[in-house]
C-alpha cells in the first residue's frame, strides 16, 4: 500500500480526530492557506494502525504530518510550522 492509499484509509477512519488547523501555512499543491490540519500523533490514538505509525516514523522526523483538507494531500510540517512540503522533501 502506498502513502496515498494509507491516507485515504486514515481519512475514512475519521482522522484527524481534532479540528486543529494551521492558518497561514500554504499547501504546495492547491495554494490554500486555511486548510492545513494537524494529523493526530500515534501516541494520541488508542491502538493506532501499524501503517499510521510507519508513516509518522518515516516522514515526520522532527516535524509533524498534516493534511490539506481541500485537496487531501498528505504533507510534512517542519518544526518551525511555517511551511508544509510534500512527503520526502525536507521541511
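Laboratory data are not the source of any read-out in this text; all were calculated from the coordinates shown. From a predicted model like this one, the values you see are computed outputs, not experimental measurements. Quick reminder, even Gly has a Cβ in these numbers, built from the backbone with ideal geometry, and neighbours come from all protein chains shown.
Couple of notes before you dig in:
- Residue of 45, 74, 65 that the Gaussian network model of the chain assigns the largest fluctuation, springs spanning Cα pairs under 10 Å: 45
- As a rough footprinting exposure proxy, the listed residues 29, 52 were ranked by other beta carbons within 10 Å of their own, and the order from fewest upward is 29, 52.
- FRET efficiency, residue 43 to residue 71 (Cβ-Cβ, R0 35 Å, nearest 0.05): 0.80
- Extension gain for residue 85-residue 21 works out to 21.5 nm (0.36 nm per residue, less the C-alpha to C-alpha distance).
- GNM flexibility winner over the chain from 66, 25, 53 (Cα, springs under 10 Å): 53
- Gyration tensor (alpha-carbon) shape descriptor, region 3-86, a/c threshold 1.5: prolate
- Cα-based helix-to-principal-axis angle, 50-59 vs the chain, degrees rounded to 10: 40 degrees
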